[in-house]
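I have placed the structure first, in the form of structure tokens, so that the comments after it can refer back to it.
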Amino acid sequence: MELKRIHHVAYRCKDAKETVEFYQRVLNMDFVLAIAEDEVPSTKAPDPYMHVFLDAGMGNVLAFFELPNSDVMGRDLHTPEWVQHIAFELNDMNAMQEALEKLKSEGLDVLGPVNHGIFQSIYFFDPNGHRLELAVNTQTAAEMQQLHEVAPLMLEEWSRTKRAPKHAAWLHEKEYNE
């Protein structure tokens, strides 16, 4: 099997119109299409929905379902809210600064920039409670090669010990001047 790319990633939303308008206004995404049915095609369940698709750049599509007949939307209370998120890449730190200013002008609470060693990020929430991340890559090819080489070793050690392996501890130990 050879995968071409991710066709789309879908999440639930509280209000499709509000969600589309947020992503258009705040992240400048194009509203690509909407699909609405009174019956779920895959299960044949009589459950109306609105399915909206937004262009996240470079062929990436972010989609949302509004499900008016389902229970009120919540989140997985057994998973910390920082874990499940959608991350988008920005070109450079200037773009991140511009994004930070725009987000704050929208009245959004923004965390960051946070330096992750090989990229920097800012975090905020959409109107549905989904955590969003805007990231700028700052790594070198040598750093990425080193991380790629130790990844299998790290996974194997984690699998045995459930403790953070130290193969890439340099990510957070070295000084960054940004």
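Which ones in segment 43-83 are within 17 Å of His8 (Cα to Cα), aliphatic (A, V, I, L, M) and out of contact with any strand residue (DSSP E or B) (no Cβ under 8 Å at 6 or more places or on another chain)?
Met58
I'm checking my understanding of the structure. Among residues of segment 100-121 that are small (Gly, Ala, Ser) and at pLDDT 95 or above, which one is surrounded by the most Cβ atoms within 10 Å (Cβ to Cβ)?
We begin by selecting, within segment 100-121, every residue small (Gly, Ala, Ser); these are 105, 107, 112, 117, 121.
Subsequent filtering for residues that are at pLDDT 95 or above retains 105, 107, 112, 121.
Working: Ser105: 9, Gly107: 6, Gly112: 16, Ser121: 20.
Out of the qualifying residues, it is Ser121.
Do we find a residue being among the β-branched types (Val, Ile, Thr), within 30 Å of Tyr11 (Cβ to Cβ) and at pLDDT 95 or above anywhere in segment 154-161? Working first, answer last.
Taking segment 154-161 first, the residues among the β-branched types (Val, Ile, Thr) are 161.
Subsequent filtering for residues that are within 30 Å of Tyr11 (Cβ to Cβ) retains none.
No, the conditions are met nowhere in segment 154-161.
Looking at segment 58-75 only, could you name the residues that are over 16 Å from the mean Cα position of the chain (by Cα) and either in a strand (DSSP E or B) or within 21 Å of Leu111 (Cα to Cα) (or both)? Spell out the reasoning first.
Of segment 58-75, the ones over 16 Å from the mean Cα position of the chain (by Cα) are 65-74.
If the condition is that a residue be over 16 Å from the mean Cα position of the chain (by Cα) and either in a strand (DSSP E or B) or within 21 Å of Leu111 (Cα to Cα) (or both), then Phe65, Glu66 are the ones that fit.
Identify, by number, the condition in (1) loosely packed, with under 14 Cβ neighbours inside 10 Å; (2) β-branched (Val, Ile, Thr); (3) within 16 Å of the chain's Cα centre (by Cα) that Val136 doesn't meet.
So Val136 meets the others, but not (1).
Are there any pairs, at least 6 apart or on different chains, whose C-beta atoms fall under 7 Å, with the first in segment 45-61 and on the phi > 0 side of the Ramachandran plot and the second outside any strand (DSSP E or B), and if so, which?
Gly59/Arg5
Out of segment 79-135, which residues are closer than 25 Å to Gly59 by Cα and of a type in the set (Lys, Arg)?
Within segment 79-135, Lys102, Arg131 qualify.
Residue pairs, Cβ under 8 Å, 6 or more apart or interchain, first in segment 7-35 and more than 17 Å from Gln84 (Cβ to Cβ), second assigned to a helix (DSSP H, G or I) and of a type in the set (Gly, Ala, Ser). List them.
Matching pairs, first to second residue: Ala34/Ala16.
Return a yes/no flag: does segment 88-103 have any residue that is hydrophobic (A, V, I, L, M, F, W, C), under 28 Å from Ile35 (Cβ atoms) and assigned to a loop (DSSP other than H, G, I, E, B). I'd like the intermediate steps shown before the answer.
The first filter runs over segment 88-103 and keeps only residues hydrophobic (A, V, I, L, M, F, W, C), leaving 88, 90, 93, 95-96, 99-100, 103.
Subsequent filtering for residues that are under 28 Å from Ile35 (Cβ atoms) retains 88.
Imposing the further condition that a residue be assigned to a loop (DSSP other than H, G, I, E, B) reduces the set to none.
Within segment 88-103, none of the residues are hydrophobic (A, V, I, L, M, F, W, C), under 28 Å from Ile35 (Cβ atoms) and assigned to a loop (DSSP other than H, G, I, E, B).
The values are calculated or read from the model by the stated rules, or taken from the named source; none is laboratory data. Values in this document were obtained by computation on a predicted structure and should not be read as measured data. Ideal geometry is used to build each Cβ from the backbone, glycine not excepted, and the neighbour counts take in all protein chains shown.
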